[in-house]
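Just below is one structure, and these are the notes that go with it.
The values are calculated or read from the model by the stated rules, or taken from the named source; none is laboratory data. If you're wondering where the values come from, they're calculated on a predicted model, not measured in any experiment. FYI the Cβ positions are ideal-geometry reconstructions off the backbone, even for glycines, and counts take in every protein chain you see. Only protein heavy atoms, including side chains, enter the accessible area calculation; ligands, DNA and RNA are left aside. Shrake-Rupley method; radii C 1.70, N 1.55, O 1.52, S 1.80 Å.
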Amino acid sequence: MVASERRSSARSTALWERLQPVVENVTTVLDIGGGTGGLAVPIAERGATVRVIDPSPDALAALARRAQEAAVSDRVVGQQGDVFALDSLVEAGTVDVVLCHGVLDVVGEPARGLQQIATALKPGGVISLVLAQRHAAVIARAMAGHFAQAAGLLDGLGEATTGRGVRHRYTAEQAGELLAAAGFEVTGIQGLRVFADLVPGSLIDLEPGSASALQELERAVADRPEYLPLASQVHLLAQKR
């Protein structure tokens, strides 16, 4: 496993461990922006039917191959689209769990996207929401020497326009308010990638045991509120009221 793969594993460990009990005994999971099936296939292996909505045909083709290799093609369905097309792709009130990871960061109307998700969920259904965390973005810009950019992210709604369009960055409080406005009650929150994005790849590659030690460290700090502002992403679980 190369350094980038070991770093990726450290980044995803805390997320997957929190998701497993949520998806363990459900029937239908919707993965918005689920790409090549990094979460969809392991969830399908646990018995759920997973529908992946993604705008990329290449990603959906890779998803189909991965599902076939894992012998879960009968429980993984890929459809081209995005969060704003859910009303035409998914019957209202039919989904147990929705995964929305890194999607609302890059859409123009995140509140409208959440309303679409709420409509698709059954009463009492759960959303797993991962958002870019604003405080960490300030730190990353400052450490890279982009001090004016860091200062620009200190206040406001955490929006920035890039060459690829709008980019939203949230505090944990803003994320909770966004969910509440869409009719959700937050039931869990954790920080993701507290240290994984800061550790040099050369250290992970050269130091024996560093990747597993980093995974353990990420687990240890994920639920500690004092480290949440340092996390690159905030992960919230919330239930539809």
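Could you grab me the full set of residues in region 99-111 that are open to solvent by less than 20 Å² (accessible area, probe 1.4 Å) and part of a helix (DSSP H, G or I)? Correct list: Leu104, Asp105, Pro110. May I ask you to list the residues in region 112-147 that are among the β-branched types (Val, Ile, Thr) and assigned to a helix (DSSP H, G or I)? Ile117, Thr119, Val138, Ile139 - these are the residues of region 112-147 that are among the β-branched types (Val, Ile, Thr) and assigned to a helix (DSSP H, G or I).
Per the listing Ala64, Ala71, Ala40, the residue uniquely on the phi > 0 side of the Ramachandran plot and among the hydrophobic types (A, V, I, L, M, F, W, C) is Ala71. In region 181-222, the qualifying residues are those that are in contact with a Lys or Arg (Cβ under 9 Å, 6 or more places away or on another chain) and of a type in the set (D, E, K, R), and the one that is farthest from Gly125 (Cα to Cα) is Asp205.
For first residues located in region 114-137 and closer than 16 Å to Ile53 by Cβ and open to solvent by 10 Å² or more (accessible area, probe 1.4 Å), partners that are in a helix (DSSP H, G or I) and among the hydrophobic types (A, V, I, L, M, F, W, C) and lie 6+ apart or on another chain with Cβ distances below 8 Å form the pairs Gln116/Val83; Gln116/Phe84; Gln116/Leu86; Thr119/Leu86. Within region 51-80, being among the aliphatic types (A, V, I, L, M) and open to solvent by less than 60 Å² (accessible area, probe 1.4 Å) holds for Val52, Ile53, Ala59, Leu60, Ala61, Ala62, Leu63, Ala64, Ala67, Ala70, Val72, Val76.
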